[in-house]
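Following: one structure in structure tokens, then a few remarks.
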Amino acid sequence: MSRLIPTLAVLAVLAALGLTAGCAAAPGVGEAAVVSGATKEASTDGDRLFWVDPAGPAARQVRLWQRQGRAKEARLLRRIAEQPAALWPAGDDPVPVIRAATEAAAREGRTTIFVAYNIPHRDCGQHSAGGAGDADAYRAWIGRFAEALGDSRALVVLEPDAVAHVVDGCTPGEYHAERERLLGEAVARLKRQPRTKVYLDAGNPDWIEEPSKLVEPLRRAGIARADGFALNVSNFQTDVATRKYGVALSHALGGKHFVVDSSRNGNGPLGGDRSDAWCNPPGRALGTRPTTRTGERALDAYLWIKRPGESDGECRGGPAAGRWWPEYALGLARNSRTR
């Protein structure tokens, strides 16, 4: 049974920067609708470390529904719009998104969350296939990514799926050594930035069920230099299951810390033995709001790494991977237990 995480490719909407008119983009193009201006406060027990994009797709949808008189739906969607979520800079040029976001966050003294997602042979040719054309192109891209971060406060989740796809064999064997080498180089390059934290993606507990299988691949991919690893990116595993898994993997890695994507796991996974359970499953809910108050020493933060409301792919009536889907976003917000 496949345990592939849905991979993210998000829509570039940079009208506020004057870079694009901002409608459709093919999978593989990153998104951050970033503008200057006041930002809503993240409201998780006073934990206001992370920057909230005031022009993200959920915020734009709230304003549209308000104009259309859909006040109830707009109120529900604020549960997404007013929380920090990761930005996924474009595979062609990550610099404009990163610079705009970090400058806005710096004015508020906040940390910006990013995902670096451009590894060659990405996603095994599935919903979010693509990535850099070759190793040298990736090195150049990650160099531009890191340089754009400068001395800003940033948290980078590095290459969702990349290590786990090596472990499960989805990525062909001839690419394994190159991929692990590129990941190690990316960690080292990003860590040259003085205030950047790097978490190397490590899948989820329903994918690579034995965390011990990840230990050596993560070591070869540079985990020693990283601040830790990331779990449950774009998936729906519960906080309880993911935390237990993360602690076990942390111990096996000599105490490495980790972060958890809690953006859509409020109702846990879909259940059953369905190969497409990861792709826009119905009845899901927003999970724990972003916070560094985790109650577990090795768990640095719950984060919204997958941007809630962006499609996993063309399944169950969804648009292409990474495109904004307001109806799905509304369902996540409506089902949320967190008010």
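The values are calculated or read from the model by the stated rules, or taken from the named source; none is laboratory data. Keep in mind it's a predicted model, so treat the numbers as computed, not measured. Cβ sites come from the backbone with ideal geometry, for glycine too, and all protein chains shown count toward neighbours. Heads up: the accessible areas ignore ligands, DNA and RNA and are worked out on the full protein's heavy atoms, side chains in. Shrake-Rupley method; radii C 1.70, N 1.55, O 1.52, S 1.80 Å.
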Determine if segment 74-90 includes at least one residue that is in contact with a His (Cβ under 7 Å, 6 or more places away or on another chain) and closer than 27 Å to residue 205 by Cα. no
Provide a single number: the residues in segment 243-268 that are surrounded by fewer than 24 Cβ atoms within 10 Å (Cβ to Cβ) and closer than 29 Å to residue 334 by Cβ. 5
Scan 318, 313 and give me the residue that is modelled with pLDDT of 95 or more, assigned to a loop (DSSP other than H, G, I, E, B) and under 25 Å from residue 275 (Cα atoms). 318
Tally up the residues in segment 181-194 that are within 12 Å of residue 147 (Cα to Cα) and charged (D, E, K, R), please. 3
Counting only residues that are in a strand (DSSP E or B) and either charged (D, E, K, R) or modelled with pLDDT under 95 (or both), how many does segment 199-227 have? 1
In segment 130-157, anything within 22 Å of residue 113 (Cβ to Cβ), part of a helix (DSSP H, G or I) and open to solvent by 70 Å² or more (accessible area, probe 1.4 Å) is listed as 144, 147
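Listed here are the residues, each with its yes/no results for (1) at pLDDT 95 or above; (2) under 24 Å from residue 89 (Cβ atoms).
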{"position": "252", "(1), (2)": "yes, no"}
{"position": "258", "(1), (2)": "yes, yes"}
{"position": "285", "(1), (2)": "yes, no"}
{"position": "290", "(1), (2)": "yes, yes"}
{"position": "324", "(1), (2)": "yes, yes"}
{"position": "328", "(1), (2)": "yes, yes"}
{"position": "337", "(1), (2)": "no, no"}
Quick check on residue 150: is it out of contact with any Phe, Trp or Tyr (no Cβ under 9 Å at 6 or more places or on another chain), among the small types (Gly, Ala, Ser) and within 27 Å of residue 314 (Cβ to Cβ)? no
Out of all the residues in segment 288-310, which are part of a loop (DSSP other than H, G, I, E, B) and either in contact with a Leu (Cβ under 9 Å, 6 or more places away or on another chain) or hydrophobic (A, V, I, L, M, F, W, C) (or both)? 290, 292, 298, 304, 305, 306, 307, 308, 309
For residue 100, state whether it is farther than 27 Å from residue 235 by Cα, free of Cβ contacts under 8 Å to residues at least 12 places away in the same chain and open to solvent by 10 Å² or more (accessible area, probe 1.4 Å). no
